[in-house]
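Enquirer: Would you mind keeping the following structure in view while I ask a few things?
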Amino acid sequence: MKRFAFIFTLILLLFQFNLGFANDDKTFEKVDLKKKLERLNFLLETDSEKFYLEANTVESLMRQDADLAIDFYKLLSEYHYAKGEHETVISNLHQAKSFIKEKNVSEFLKVNLNLGTAFYFLNYVDSMEFYLNIVTDKVGQKDPIYPQYLLAQGMKNQLVSDYLSSIETIIEAIKILEKVKDKRKLAIAYNNLAINYGHIDRLDLQLEYLLKAVALNQELGNSYQLIMNYNNLGVNYKNLKDLEKSIYYYELAYNELLTFENSFLLAQNLMNRANVHVLLDEYEMAEKLFLECEAICGANQILHGTMLTAINLGDLYRVQKKFSQSEIKLQEALLITRSLKAKKEEGLVIQNLSNLAKDRKDYETALSLFQKYHFLNDSILNQKVKMEASELREKYEMEKKENEIISLSQQKLYQQYFIALVVVALLIFIVLAQGWRNKHRIAKENLNAANKLAKVKEETIAAREKDLMDQVMEKVVLQEHLNTLLLKIENQNYESLATKVKSIQKKQNPWDGMLHKFQMLHPEFINSLTKKHPVLSKGDVEFCSLMRMNLSNKEIAQMLHINVDSVFTKKYRIMKKLDLPKDTDFTSFLHSL
């Protein structure tokens with residue numbers, strides 16, 4: 001028995017001894033990974049490509065420890081941010097976020113703030129606002145991330161075109177960043193402040209802050225931000241009409257891009273430089289740059305860039321009187337615009353084709369193309385466009401009449417004086433008859449055009465009314481889902497979540513802005529109704545708007561969450577307020593306003 005107890009004790013001691021070694025191995029392994037993380041941090045600053053290669057070899061190991069994984073994926077996101085690969089940045093930040101524990105509030109806020117900032121570079125306002133709202137509830141003015149939070153808010157305001165608010169917020173962030181000497185974030189702040197000043201035409205202040213951003217990014221060796229700065233300086237000097245300096249900064253950006261390996265930015269730079277050379281009448285250099293841009297876009301399947309290059313080359317060849325080459329490029333561009341469904345660019349191509357036909361003195365084709373451009377851009381009421389169309393029509397009619405007069409004049413040379421008098425008389429008769437016919441034809445064309453315009457206007461308004469009602473119905477359905485969700489949440493006693501859902505619910509009122517949008521479609525209706533009948537309430541006007549849109553009683557009841565009988569009651573009360581007889585067709589009455 002004693003021997004058995006001794007053997008058992010010995011086995012237990014050996015087991016504890018091995019367990020201790022296992023724990024020591026894990027400790028050593030964690031220390032080793034920390035050293036590797038420190039090396040990666042060093043490589044990110046000194047040799048980014050070597051950083052990326054080594055990071056790929058240790059990713060699976062880093063994921064074994066939550067704290068190390070968070071720092072690892074944050075380093076990866078910094079690497080891809082410097083490359084301008086913002087979608088990959090977002091993926092890395094989500095990976096980091098998945099390892100953050102609930103108690104680690106500081107890290108949670110940092111990652112969400114970086115996610116919001118990353119969505120700025122993709123122009124995703126809603127996503128950016130979502131992540132910034134998470135931070136807003138928990139960040140304070142004394143938090144280290146507060147200046148970065150202010151900068152992100154300013155960037156968000158810029159995306160929604162609230163430039164003055166953006167400037168005010170970014171300046172506040174800059175004051176703090178300058179105190180703490182955070183050069184990396186300060187460079188971003190200077191650049192975004194400059195962009196805002198450009199939007200409000202303060203080119204002097206835009207130039208000042210772009211030069212500050214350049215100085216910092218040169219010091220930091222931040223190639224991506226430096227390229228953006230140089231390109232923005234190129235635009236700034238172009239707007240200031242200093243084209244030589246514009247070229248200078250575009251070429252600086254180009255030199256950086258040669259080692260940066262970003263085909264999209266390289267193609268964009270070549271196109272911008274080419275357009276400045278066009279303004280300098282340096283057509284040969286402009287053509288060379290456009291062709292280089294076209295080759296890069298083709299090799300990298302940048303279809304939008306190929307389209308814009310073809311448009312620019314077509315216009316350049318037209319200016320140089322190379323009409324055949326111009327037509328080839330513009331026809332190429334037209335095919336791409338239609339495949340991309342790029343209506344704005346399609347209109348530009350058709351306009352350029354019209355200008356090409358006009359330069360060739362083919363006024364009939366020019367007029368036909370111009371009319372297509374005219375209708376495509378929904379600018380039939382634009383006086384300038386109408387004048388240009390009228391000028392083309394007059395030139396075409398004049399050319400046609402001149403050909404007839406020349407033909408008749410040649411016949412007169414071989415006629416006797418008497419026959420000449422007869423011809424003159426006939427000519428006068430023909431001119432008068434032609435004038436009458438033209439007057440009748442033009443009147444008929446004008447009537448047809450007016451009818452077409454009225455039809456297009458009616459169809460457009462009907463389509464927009466349908467879009468408006470679809471939007472309202474989507475919000476109505478959303479309200480129903482929110483009500484259902486709220487009921488479930490309240491049953492589960494999730495008060496905090498219920499409060500947030502109620503907050504969203506308040507913001508998602510299906511009728512918010514509906515009356516304003518309807519008034520934009522039918523300004524004369526709302527104004528006439530409220531002016532003639534001021535006794536009507538806002539709810540009455542909304543009900544009349546729905547009736548005006550030819551919705552059935554059932555559809556109105558569904559949208560207002562009432563029964564059909566209540567719709568009849570509502571209509572009867574409004575008719576009573578308007579002193580209308582009971583047998584009045586209420587819908588026809590509303591259409592008559």
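Laboratory data are not the source of any read-out in this text; all were calculated from the coordinates shown. Keep in mind it's a predicted model, so treat the numbers as computed, not measured. Here the Cβ positions follow ideal geometry from the backbone for every residue, glycine too, while neighbour counts run over all protein chains shown.
Enquirer: Going down the list LYS183/LYS241; LYS36/LYS142; LYS142/LYS175, which pairs span over 22 Å between their C-alpha atoms? Working shown, then result.
Expert: Details: LYS183/LYS241 31 Å; LYS36/LYS142 33 Å; LYS142/LYS175 14 Å.
Over 22 Å apart, Cα to Cα: LYS183/LYS241; LYS36/LYS142.
Enquirer: Please give the charge dipole size of segment 515-593, origin at the Cα centre, charges +1 on K and R Cβ atoms and -1 on D and E Cβ atoms. Round to the nearest 20 debye. Let's see the in-between values first.
Expert: Working: 12 positive and 8 negative charges, 39 e Å.
Roughly 180 debye for segment 515-593.
Enquirer: Here's another thing I want to ask about it. Do any trypsin sites (Lys or Arg not before Pro) in segment 552-586 lie in a loop, going by DSSP, with at most 10 other beta-carbon atoms within 10 Å of their beta carbon, and if so which?
Expert: Numbers: sites: LYS554, LYS570, LYS571, ARG573, LYS576, LYS577, LYS582; in loops: LYS582.
Answer in residue order: LYS582.
Enquirer: Give me the number: length gained by fully extending PHE429 to ASP359, i.e. 0.36 nm times residue separation minus the C-alpha to C-alpha distance, one decimal in nm.
Expert: Working: separation 70, 0.36 × 70 = 25.20 nm, distance 3.44 nm.
Working it through step by step, the gained length comes to 21.8 nm.
Enquirer: Oh, and also: Give the aspartates and glutamates whose C-alpha is closer than 18 Å to that of LYS452, dropping any in the same chain fewer than 8 places away, or say none.
Expert: By straight Cα distance, LYS452 reaches ASP378.
Enquirer: What is the calculated FRET efficiency for ILE328 to ASN563, with r their C-beta to C-beta distance and R₀ = 56 Å, to the nearest 0.05? Provide the component values of the computation, followed by the final result.
Expert: Details: r = 65 Å, r/R0 = 1.16.
So, using R0 = 56 Å, E works out to roughly 0.30.
Enquirer: Run the dipole for segment 187-245 about the Cα centre, Lys and Arg Cβ at +1, Asp and Glu Cβ at -1, nothing else charged, and hand back the magnitude in debye, nearest 20. Can you show the working numbers first?
Expert: Working: 5 positive and 6 negative charges, 18 e Å.
The dipole of segment 187-245 has a size of about 80 debye.
Enquirer: Continuing with the same structure: Considering the options MET128, ALA96, ASN114, tell which one lies farthest towards the positive end of the dipole of segment 75-130, charges being +1 on Lys and Arg and -1 on Asp and Glu at the Cβ, about the Cα centre.
Expert: ALA96
Enquirer: Quote to one decimal, in nm, the extra length available between SER165 and PHE42 on full extension: 0.36 nm per residue of separation minus the C-alpha distance between them.
Expert: On the way: separation 123, 0.36 × 123 = 44.28 nm, distance 3.82 nm.
Length gained between SER165 and PHE42: 40.5 nm.
Enquirer: What whole-number distance in Å separates the alpha-carbon centres of segment 428-453 and segment 225-249?
Expert: For segment 428-453 versus segment 225-249, the Cα centre distance is 53 Å.
Enquirer: Under 16 Å from the 7 Å Cα→Cβ point of SER91, by amide nitrogen: which residues of segment 48-84?
Expert: Taking a point 7 Å out along Cα→Cβ of SER91, the residues of segment 48-84 whose backbone N falls under 16 Å are 52-53, 55-57, 59-60, 73-84.
Enquirer: Now for a different question. Going through segment 227-257, which trypsin sites (Lys or Arg not before Pro) have at most 13 other Cβ atoms within 10 Å and a DSSP loop state?
Expert: Values: sites: LYS238, LYS241, LYS245; in loops: LYS241.
Of the trypsin sites (Lys or Arg not before Pro), the ones in loops of segment 227-257 whose Cβ has at most 13 other Cβ atoms within 10 Å are LYS241.
Enquirer: I need the phi-derived Karplus couplings for segment 214-229: 6.51 cos²θ - 1.76 cosθ + 1.60, θ = phi - 60°, integer Hz, Gly and Pro marked x.
Expert: Here the 3J(HN,Hα) series is 4, 4, 5, 5, 5, 5, 7, x, 8, 4, 4, 5, 5, 4, 4, 4 Hz.
Enquirer: Which of the trypsin sites (Lys or Arg not before Pro) found in segment 36-130 are in a DSSP loop and have at most 14 neighbouring Cβ atoms, other than their own, within 10 Å? Show your work: numbers first, answer last.
Expert: Working: sites: LYS36, ARG39, LYS50, ARG63, LYS74, LYS83, LYS97, LYS101, LYS103, LYS110; in loops: ARG63, LYS83, LYS101, LYS103.
Those satisfying the criteria are LYS101, LYS103.
Enquirer: Can you compute the modelled spin-label distance between ALA215 and LEU243, with each label point 7 Å from Cα toward Cβ, in nm?
Expert: 3.1
Enquirer: Gain in length, LEU303 to LEU335, computed as 0.36 nm per residue apart minus the alpha-carbon separation, to one decimal in nm? Let's see the in-between values first.
Expert: Details: separation 32, 0.36 × 32 = 11.52 nm, distance 1.13 nm.
Between LEU303 and LEU335, full extension yields 10.4 nm more.
Enquirer: Using modelled backbone amide H atoms (1.01 Å from N, in-plane), which distant-in-sequence or interchain residues come within less than 5 Å of ASP65's amide H?
Expert: none
Enquirer: Kindly state, to the nearest 0.05, the FRET efficiency for ASP126 paired with TRP436, given R0 = 56 Å and r defined as their beta-carbon distance.
Expert: Details: r = 62 Å, r/R0 = 1.10.
So, using R0 = 56 Å, E works out to roughly 0.35.
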